[in-house]
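A quick write-up on the structure given underneath.
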Amino acid sequence: MRLPLERQIALGHLRVVLYKQVLSITESDVVVTTEEGETLTLTNDVVFVLIGSDADLTLLKNLGVKTESGKLTEIPVYDPETFETNVPGIYVAGHFTHARHIKAAIDVPRKVVPLIAESLRARLSSK
């Protein structure tokens with residue numbers, strides 16, 4: 001999985017930003033504090049929250065994402081086909097879903113990213 005990411009970074013298709021804290025997320029941008037202490041505003045269409053096995057749902061709840069009891073813990077409510085939550089543009093994967101194993105976590109982006117790209121293309125073509 002690492003080589004395709006590195007290739008996309010080298011081609012300029014993917015930008016990696018290491019950050020210390022997320023200050024805000026809006027429909028059009030994300031404001032973060034970098035590890036160097038710089039405040040950076042990033043234009044975005046989609047945000048992936050990747051935070052490990054014991055997910056803190058505070059950020060998602062603050063965005064208005066509804067939650068429910070899962071197999072082991074509370075999880076966001078999401079569409080099982082698209083993995084989009086009740087908040088348009090907010091998707092979940094891995095431990096934010098009913099699938100608690102790494103294999104399922106790896107498979108979700110392969111399914112979801114093309115759906116997100118299709119949605120973004122449709123939005124852009126309607127403007």
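The values are calculated or read from the model by the stated rules, or taken from the named source; none is laboratory data. Source: prediction; values computed, not measured. In this analysis, Cβ positions are derived from the backbone assuming ideal geometry, glycine residues included, and neighbour counts consider all displayed protein chains. Only protein heavy atoms, including side chains, enter the accessible area calculation; ligands, DNA and RNA are left aside. Shrake-Rupley method; radii C 1.70, N 1.55, O 1.52, S 1.80 Å.
Quick one: order Phe48, Phe96 from most to least accessible surface, probe 1.4 Å.
Phe48, Phe96
In angstroms, what radius of gyration and Dmax does the chain have, counting Cα atoms only?
Considering the chain through its Cα atoms, Rg and Dmax are 15.3, 43 Å.
Under a GNM of the chain (C-alpha, springs under 10 Å), which listed residue has the highest mean-square fluctuation: Tyr19, Tyr78, Tyr91?
Residue with maximal mean-square fluctuation among Tyr19, Tyr78, Tyr91: Tyr19.
Run the helix sum for the chain: -39,500 (n - 2.57) per DSSP H stretch of 4+ residues, divided by residue count, reported at 222 nm to the nearest 500 deg cm²/dmol.
Helices in the chain give a 222 nm mean residue ellipticity of -9500 deg cm²/dmol.
Among the lysines, which fall within straight-line cross-link reach of Lys111, defined as a Cα-Cα distance under 17 Å, with same-chain neighbours fewer than 8 residues apart omitted?
Lys103
Carbon and sulfur: what percent of the chain's accessible surface (1.4 Å probe)?
56
If r is the Cβ-Cβ distance from Arg121 to Glu35 and R0 is 25 Å, what FRET efficiency results, to the nearest 0.05?
Details: r = 33 Å, r/R0 = 1.33.
It comes out at approximately 0.15.
On average, how much accessible surface per residue is there in the chain, in Å², for a 1.4 Å probe, leaving out ligands, DNA and RNA?
71
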